Amino acid sequence: MSYGAPSVKLVSSSADETEEIGFRLAGVLKAGDVVALYGDLGAGKTTMVRGIARAFGIDPRDVTSASFTIVAEYPGARPFYHIDLYRIGSEEELEQTGFWECLGGSGVSVIEWPEKIGEAVLDKAIRVRLRHKGNDMREIVIEGLDEKDRHHLQTGKA
Ligand SMILES: Nc1ncnc2c1ncn2[C@@H]1O[C@H](COP(=O)(O)OP(=O)(O)OP(=O)(O)O)[C@@H](O)[C@H]1O
Ligand SMILES: [Mg+2]
């Protein structure tokens, strides 16, 4: 745990707002970046992925919340991988999904249920924590960005 690391804290009051925060986050992502999305069932992880995907030119409706597809790859100028580890049961299973190839490449990977894999793998990941705050409110804390990018997230400006 990197307790005390500089972070951005945002509040979302709707699914659309969370998607928009994802879109804004995508604006600071670089080749090879890994985004780890932490949060309970229904916290809004997939919703946020839709916003990130939209920024990559992907139709957000193509981003599914069914966790049967463990690795969904979207080709484009920069490959985009939506990875949902909820149903991963073993190391062997993970190998078969092509997970490691995604992480090693020049694409951007976003991971739901990153708790399922070792912390070491996520060493350089941008960590996003989504928390229920009653009704449609969510607290979204993002860690692992430099000061300029934190400013962009907070204000929406470059
Ligand atoms: N502020 C909000 N941000 C995100 N989603 C919200 C918000 N308010 C309500 N919702 C609703 O909560 C649900 C979030 O679902 P989503 O699939 O994004 O969660 P998830 O974290 O990916 O869950 P899972 O662990 O099952 O994959 C959606 O039905 C969405 O409409
Ligand atoms: Mg999900």
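Bear in mind these aren't lab numbers, they're just calculated from the coordinates by the rules spelled out. What you see is a predicted model; the values in this text were computed from it and never measured. All Cβ positions, glycine included, derive from the backbone under ideal geometry; neighbour counts span all protein chains shown.
Listing for the model above:
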{"item": "Tally, over the stretch 31-84, of residues that are away from ligand 2 (no atom under 16 Å from the Cβ) and in contact (Cβ under 8 Å) with a residue 40 or more places away in the chain", "result": "6"}
{"item": "Selection within the stretch 39-60 - within 12 Å of ligand 1 (Cβ to nearest atom), of a type outside the set (A, V, I, L, M), surrounded by fewer than 23 Cβ atoms within 10 Å (Cβ to Cβ) and not in a helix (DSSP H, G or I)", "result": "GLY39, ASP40, GLY42"}
{"item": "Any hit, the stretch 6-21, residues being within 20 Å of LEU103 (Cα to Cα) and of a type outside the set (Lys, Arg)", "result": "no"}
{"item": "Boolean, GLU139 is within 14 Å of ligand 2 (Cβ to nearest atom), surrounded by 14 or more Cβ atoms within 10 Å (Cβ to Cβ) and in contact (Cβ under 8 Å) with a residue 24 or more places away in the chain", "result": "no"}
{"item": "Tally, over the stretch 33-75, of residues that are among the hydrophobic types (A, V, I, L, M, F, W, C) and farther than 18 Å from PHE23 by Cα", "result": "6"}
{"item": "Wholly enclosed strands (runs of 3 or more DSSP E) of the stretch 86-158 bearing at least 1 residues more than 18 Å from ARG50 (Cβ to Cβ) and among the aliphatic types (A, V, I, L, M)", "result": "138-143"}
